[in-house]
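The values are calculated or read from the model by the stated rules, or taken from the named source; none is laboratory data. Please read all numbers here as calculations on a predicted model, not as lab measurements. All Cβ positions, glycine included, derive from the backbone under ideal geometry; neighbour counts span all protein chains shown.
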Amino acid sequence: MDIRSLTAAQNYAGARPATQADPDHAGLAQGLQSSFRDFAATLKHSEHVAQSAMVGQADPHALVQALAQTELAVETAVIVRNKVVEAYQEILRMPV
């Protein structure tokens, strides 16, 4: 038996557990759901602060801070969307 094939078989056996699913890991879907919930909560909070500021119940500083958080959240969402579209376009360009 060739020593290279024996070494390759041993390396494969050692790396095999890394390819198995981890039941404790939340996964990509859970992470995306959490991100979407956080994004929606940020928008709702900013809307609430803006409405309070319109009727004079909120501090102008709190309004500016809420608007800055919303701007950052929307910019982040746009950047993520652009990356997803770029990845999709890259997949479409791949030869079959």
Considering the range 5-32 alone, what residues qualify as being at pLDDT below 70 and closer than 30 Å to Thr76 by Cα? Ala21, Asp22, Pro23, Asp24, His25, Ala26
What is the residue count in the range 26-37 for residues that are surrounded by 12 or more Cβ atoms within 10 Å (Cβ to Cβ) and either not in a helix (DSSP H, G or I) or not small (Gly, Ala, Ser) (or both)? 1
Candidates Ala40, Ala66 - the one that is in a helix (DSSP H, G or I), out of contact with any Ser or Thr (no Cβ under 8 Å at 6 or more places or on another chain) and among the hydrophobic types (A, V, I, L, M, F, W, C): Ala40
